[in-house]
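I have placed the structure first, in the form of structure tokens, so that the comments after it can refer back to it.
The values are calculated or read from the model by the stated rules, or taken from the named source; none is laboratory data. The structure presented is a predicted model; accordingly, all values stated were derived computationally and were not measured. Note that we place each Cβ from the backbone using ideal geometry, even for glycine, and neighbour counts take in every protein chain shown. Please note that ligands, DNA and RNA were not included when accessible areas were found on the heavy atoms of the full protein model with its side chains. Shrake-Rupley method; radii C 1.70, N 1.55, O 1.52, S 1.80 Å.
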Amino acid sequence: MAQAGGWPVQGVDPSAPMLDIARADRPHPCVDYRLFDGRSPAWIPDGTVDAAVCCLVYCTDPDDLRPAALTAEIHRVLRPGAPYVLADLDPGAVGEQFATLRYGEPGATYAEGAPVPTELCRLDGGSVTTVCHYRSLSAYTALLTGAGFAAPATDTPVVPGPDPAAGPVRAPYLLLTTARPGPGR
């Protein structure tokens, strides 16, 4: 966004090492990288942000209270009518092997908030297993609408598959797009 449009961007993360990587990989004079407690961007005034994107955050927290509080804060800082895009692991892709990860065990089912073993593929060919937390599409929707956002549109993108002859496959993530309601909505 900063490079394409020259817009000021707040890049926030609760991890100082991740911010260091972002600063090194994507330095830009329009990007302000900030350490964030994951709860409240208190430095941002109400209704002053033109758009928000949140990537792979909700799946890392087993407790709905923190994502709910974060969603309410995103709603607070967005101007009326401003869009919010939530990109997170797709609950419909549990157990599928992707080029970059496998979210959950094949054939397994998970309860809301349950730990899901997630295997991440490393660039060196190795892998590391971490834990994410399951949320259904209805849980994501409830977090958004509970904070005052409009019901989201859902997109499950496709990406190139491991076998080019087989064509594209479902991506391991989904996109939920909504907006802070404007005046009279």
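Things worth noting here:
- Helix 16-25 vs. the chain, principal-axis angle (Cα, 0 to 90°, nearest 10): 90
- Global form of the range 1-87, assessed from the alpha-carbon gyration tensor, a/c cut-off 1.5: oblate
- Nearest 10 degrees, 0 to 90: helix 65-77 Cα axis against the chain principal axis: 40
- Å² per residue, accessible surface of the range 138-185 at 1.4 Å: 55
- By accessible area, using a 1.4 Å probe on protein heavy atoms only, the range 1-64 has 58% of its surface on carbon and sulfur.
- Counting charges near residue 114 (Lys, Arg +1; Asp, Glu -1) among other residues having Cβ under 14 Å from its Cβ returns a value of -4.
- As a fraction of the 1.4 Å probe accessible area of the range 139-185, surface on carbon and sulfur atoms comes out at 61 percent.
- Using just its DSSP H runs of length 4 or more, each adding -39500 (n - 2.57), the chain gives a mean residue ellipticity at 222 nm of -5500 deg cm²/dmol after division by all residues.
- Net charge of neighbours whose Cβ lies under 14 Å from the Cβ of residue 63, counting Lys and Arg as +1 and Asp and Glu as -1: 0
- Residues whose placed amide H lies under 5 Å from that of residue 11, excluding near-sequence neighbours: 32, 33, 34
- Probe 1.4 Å, accessible area per residue of the range 11-56, Å²: 66
- Taking other residues whose beta carbon is less than 15 angstrom from the beta carbon of residue 157, and scoring Lys, Arg as +1 and Asp, Glu as -1, yields -3.
- Cα gyration tensor, the chain - rounded (a/c under 1.5), prolate or oblate: prolate
- Among beta bridges that DSSP assigns inside the range 1-131, antiparallel share in %, nearest 5: 45
- Evaluating 6.51 cos²θ - 1.76 cosθ + 1.60 at θ = phi - 60° for every residue in the range 128-133, the Karplus couplings come out as 9, 9, 10, 10, 10, 10 Hz, glycine and proline recorded as x.
- Candidates 25, 63, 13, ranked by Gaussian network fluctuation over the chain, Cα under 10 Å, top entry: 25
- Counting only alpha carbon atoms, the long axis of helix 137-146 and the longest principal axis of the chain meet at about 10°.
- The alpha carbon gyration tensor of the range 128-184 gives principal lengths a ≥ b ≥ c with a/c of 1.5 or higher and a/b no greater than b/c, which makes the shape oblate.
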